[in-house]
Amino acid sequence: MKYVLVTGGVVSGLGKGVTASSIGVLLKACGLRVTSIKIDPYLNTDAGTMSPFEHGEVFVLDDGGEVDLDLGNYERFLDVKLTRDNNITTGKIYQHVINRERRGDYLGKTVQVVPHITDAIQEWIERVAMIPVDGKDEPADVCIIELGGTIGDIESMPFIEALGQFSYRVGPGNFCLVHVSLVPVLKSVGEPKTKPTQHSVRGLRGLGLVPHILACRCEKPLEVNVKEKLSLFCHVPVANIITLHDVTNIWHIPLILREQKAHEAILKLLNLQGCTKEPLLAGWMDRAKLCDRLHEPVKIAIVGKYTGLPDSYLSILKALLHASVECRKKLVINWVPSSDLEETSAEETPDAYKTAWRCLKSADGILVPGGFGDRGVEGKILAAKYARVNKVPYLGICLGMQIAVIEYARSVMNLREANSTEFDPDTTTPVVVFMPEGSKTHMGGTMRLGSRRTYFDVADCKSAKLYGKASFVDERHRHRYEVNPEMITEFEEAGLAFVGKDETRRRMEIIELPTHPYFVGVQFHPEFKSRPGKPSAVFLGLIAASCGRLDLWLQAAGQPSNLRTHASINGFPKIHQNGSSLKKSSKSLLNGNFHSNGNGVHV
Ligand code: GLN
């Protein structure tokens, strides 16, 4: 096993995760099999109990692991399936060591950070690196380890010490360190400044880690004299100084790494020269360029609670992007804070109320994502009602499906008190109820989590067709509540179709309104399995319906994928070759190709 460690310096938010994933893409294109580990030095056992406001979305894995959103980047970029153990936290390591101490594994010894915690970290890395993640039986060739946070953080010290020992143990030729740093340009001076990177490399060396490659985040490509200065002060060869300048979309990153021959530097350091092929990255190149050229908008309103922090909905944004690119449309997001749609907001914050409704009404499609707690729920219910009544394409995910069921009960079935017991435990009409297997006393890891099977009982429904006329589908879950199984017949008699169910046929997984152009709610989170070039079926349905082309897709459903591709190319406007109408974004590396509308939030 060869290891590539990626660390970050100077400031957080440099796009370390995207850089690490892109290095993985490049190595994969060289013919190597790649896995990854993300280290998060916080004390939480996992990301499951953290607020999306503070830490962005909680990503869910097949095995039910609730992990850092960077694992989503790895899964999407490398097209792999990771396990919960691929995300290491301080909480997990200490829990492991303390459990061993209680078992008596260290009997007679004083248990200390060095060597017990540092040994546990190294053992964990070596064990997890061997887990196959790409569907084959053997372990990968290269493991990319991303150390979260910034060099100098107190809480990452045990990890740095462990990684220093680890690099020494696995030895040169098996380990390489890529340090992602910032080279800012001060407006008043106008020249790139190398000092922050120099300091950060000094800090790294002082802690026992030697950088082999510098990946410098900067606005524009660095001139050779700046690279020479960095090389002199940081003791890294000029050929190993890579510039990661701002790009229009993140799919360019593997390409700019390849242009600067980052793979050659890494392969040399890992003694892998000669056993690999030239990385072609044709698919990445096409997608990155195609994405830049798209100009015809498809506007999707995301009605949620965390609309101020787009990272809270990262996988949803990516899934929408994958589907929009497939439909040759430029994704525009109308962010709608759900509480602004409510009647109380009309009185208290009339401007916000007006803006929210304007954003909702001007959208081609509406998406209500997952969520917890009752704040803004009534606003989401109003959004679902608006979509249902006005025949606007709608996709409700998890909570977004539950609120669509509540809305249907209240408006169509005249069950005025209908609610979820999550928001009103004493409701007289509980249409969404707590699942029997949930826990009300422990919050961490106690939901219905991970990959579960949904069976399609109605073969000619829209979602079954979008999933390629499959009889079942495996998607990831994260919920405590479900549609009340006792009320299904009542709902069905009122016209709401439950087209997908779990193996007991008592747990509802997919709802559809057959009389609506596209009104779909899913209890699972399809966004976690969407990939560039392989968009999630129900997201594709939403985008295709939002640009009036769903029928074409449904006709092509169930056909071999090359025919579907043909349908997609013919069904959507030709890609414009002269990118003149393209709005160039000078935003940071992390920017995707979505533009926000209405609330001025750029993603
Ligand atoms: N709060 C709801 C539940 O626990 C929905 C969860 C979600 O949207 N992820 O069932």
Q | Lys, Arg +1 and Asp, Glu -1 on Cβ, resulting dipole of segment 1-122 about Cα centre, debye, nearest 20 | A | 460
Q) Going down the list Lys16/Lys440; Lys227/Lys277; Lys289/Lys529, which pairs span over 30 Å between their C-alpha atoms? A) Lys16/Lys440
(Q) Please list, ordered by chain and number, the residues whose modelled amide H lies under 5 Å from the amide H of Leu415; skip anything fewer than 5 residues away on the same chain. (A) Arg410
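Just want the ordering: His516, His235, from fewest to most Cβ atoms lying within 10 Å of their own Cβ.
Exposure proxy ranking, most exposed first: His235, His516.
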(Q) Please list 3J(HN,Hα) in residue order for segment 69-85, calculated via the Karplus relation 6.51 cos²θ - 1.76 cosθ + 1.60 where θ = phi - 60°; whole Hz, with x for glycine and proline. (A) 5, 4, 5, x, 4, 5, 4, 5, 6, 9, 6, 10, 10, 8, 10, 4, 6
**Q.** Sites matching GluC sites (Glu not before Pro) across segment 355-451 that sit in DSSP coil, with at most 13 neighbouring C-beta atoms within 10 Å
**A.** Glu417, Glu437
(Q) Positive end of the dipole of the chain, charges at C-beta (+1 Lys, Arg; -1 Asp, Glu), about the Cα centre: which of Val178, Leu232, His55 has its Cα farthest in that direction? (A) Leu232
Q: Determine ³J(HN,Hα), in whole Hz, for all residues of segment 92-99 in sequence, where each value follows from phi through the Karplus function 6.51 cos²θ - 1.76 cosθ + 1.60 and θ = phi - 60°; x replaces Gly and Pro.
A: 5, 5, 5, 4, 4, 5, 5, 4
Q) Over the Cα atoms of the chain, Rg to Rh with Kirkwood Rh, two decimal places? A) 0.98
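Shape verdict for segment 84-158, please, from the Cα gyration tensor: rounded (a/c under 1.5), prolate (a/b greater than b/c) or oblate. Could the numbers behind the result be given before it?
On the way: a/c = 2.62, a/b = 1.41, b/c = 1.85.
Oblate, since a/c reaches 1.5 and b/c is not below a/b.
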(Q) Run lengths n ≥ 4 of DSSP H only: what is the helix-derived mean residue ellipticity at 222 nm for the chain, with -39500 (n - 2.57) per run over all residues, to the nearest 500? (A) -10500 deg cm²/dmol
Q | DSSP beta bridge pairing in the chain, given as percent antiparallel to the nearest 5 | A | 30
Q | Distance violations [Cα-Cα > 22 Å] among Lys2/Lys261; Lys261/Lys534; Lys195/Lys220; Lys220/Lys318; Lys318/Lys469 | A | Lys261/Lys534; Lys220/Lys318; Lys318/Lys469
Q: Amide H neighbours of Ile88 under 5 Å, at least 5 residues apart or on other chains, H built in the peptide plane: list them.
A: Lys38, Ile39, Asp40
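Between Asp551 and Glu219, what's the calculated FRET efficiency when r is the beta-carbon distance and R0 is 60 Å? Round to 0.05.
FRET efficiency, Asp551 to Glu219: 0.85.
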Q. In the P(r) worked out for segment 1-103, what percent of Cα pairs fall beyond 23 Å?
A. 30
Q | Least to most buried among Val522, Val325 (fewest other Cβ within 10 Å first) | A | Val325, Val522
Q | Whole-Hz couplings from phi, Karplus 6.51/-1.76/1.60, listed for segment 122-127; x for Gly and Pro | A | 5, 5, 4, 4, 5, 5
**Q.** Of the GluC sites (Glu not before Pro) in segment 469-512, those whose Cβ has at most 15 other Cβ within 10 Å and which sit in DSSP loop
**A.** Glu503
Q. Using 7 Å Cα-to-Cβ label points, what is the Asp311/Asp134 separation (nm, one decimal)?
A. 2.9
Q: List the trypsin sites (Lys or Arg not before Pro) within segment 390-462 that fall in a DSSP loop (any state other than H, G, I, E or B) and whose Cβ has at most 12 other Cβ atoms within 10 Å.
A: Arg416, Lys440
Q: Based on other C-beta atoms within 10 Å, arrange Asp62, Asp340 from fewest to most.
A: Asp62, Asp340
Q. Does segment 340-450 come out rounded, prolate or oblate by the C-alpha gyration tensor, with a ≥ b ≥ c the root eigenvalues, rounded set by a/c under 1.5 and, if not, prolate when a/b is larger than b/c and oblate if not?
A. prolate
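Readers should treat all values here as calculations from the given coordinates under stated rules, not as data from a laboratory. Not measured: the values here are computed from a predicted model. Quick reminder, even Gly has a Cβ in these numbers, built from the backbone with ideal geometry, and neighbours come from all protein chains shown.
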